[in-house]
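The values are calculated or read from the model by the stated rules, or taken from the named source; none is laboratory data. Everything numeric in this text was worked out from a predicted model, so none of it was measured. Neighbour counts run over all protein chains shown; Cβ positions are idealised from the backbone, glycine included.
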Amino acid sequence: MANIAEKIASAYGITGSQAWKVVSVADDLGVDPTWLAALIYFESNFRTNAKGPGTAYGLGQWTAIAQQALGVTRAQLERMGFDEQMDLLYRHLSEGKNAAGSALDLAMNHFYPKAFGQPDYVFPSWVQEANPGIRTPRDYVAKMTAKARLALSDRVSSSFPFVGPLLPPMGTAKDDGWKFWFNVAGLVFFGTTLVFSAARLARRRGQ
C-alpha cells in the first residue's frame, strides 16, 4: 500500500496524503489504485477546480446532471477540498453501480454507466461531440491509458485485451478488423518461430 501510494504521488505530482486517499478510495471500491489514479488524471489532472466543457467541474468533472444526482451544487463543489471530492467520487463510482472488475468497468461506472460491460457500445452523438475521439468505451480507456503516468496492472490487459503492450488500442470500426488479425498473425509467427528454434536445438543436441 505504501509503495503504490508513493509511486502515485511521484508520478502524478500530488502530495503523499492525497495519494494515500486515492489508494484508500480504490481499496474501498475494490479496484486497483493505478486504475483510479489514471481515471482522475485523465478527467481533471488531479485538480479540484478543473473546469471542463459545459458544466463539468472538479476531480470527477461532474456535470450539472451528475451534481444533482449526487445532491451537491456547483458552489458546494467549489468549496470542497481534495479529500471531500474524493469521497464524492467514491459515492459516484459505487452507488447503484456494478462492481468494477477492470479499468474499463471503472471508467464506464464514471463516464457512462449504461455502457458498463459493453466495450463496443457506441455512445450517443451528443456524448461523442462533447468528447472528441471517444466513440466507444474502448476509445475512452485507450485515451486514459495513453495519458496515464503509471502502467496499469496486468488485469487490464486480461479483461480488456486491446489495451496494453501486446495489442494496440483499437480505433474505428473500420480499423478494428485488420488491427486484430495483424496482431493474431504476429503471435502465430512468433509462436511458430519458437517451435522451430526448439526443434533445431533438440536435433543439434541429439547429434
Requested in this report: Tell me, yes or no, whether the range 44-65 has at least one residue that is within 18 Å of the chain's Cα centre (by Cα), in a helix (DSSP H, G or I) and in the same structural domain as Thr145 (by TED's automatic domain parsing).
Outcome: yes
**Report entry** Any chance Asp32 is crowded, with 20+ Cβ neighbours inside 10 Å, among the acidic types (Asp, Glu), touching a residue at least 60 places away in the same chain (Cβ under 8 Å) and in the same structural domain as Gly60 (by TED's automatic domain parsing)
**Finding:** yes
Query raised in the report: Name the residues in the range 74-97 that are surrounded by 12 or more Cβ atoms within 10 Å (Cβ to Cβ) and either of a type outside the set (D, E, K, R) or at pLDDT below 95 (or both), would you?
Result: Gln76, Leu77, Met80, Phe82, Gln85, Met86, Leu88, Leu89, Tyr90, His92, Leu93, Ser94
Report task. Kindly indicate whether any position in the range 56-72 is farther than 24 Å from Ala130 by Cα and surrounded by 22 or more Cβ atoms within 10 Å (Cβ to Cβ). Result -> no
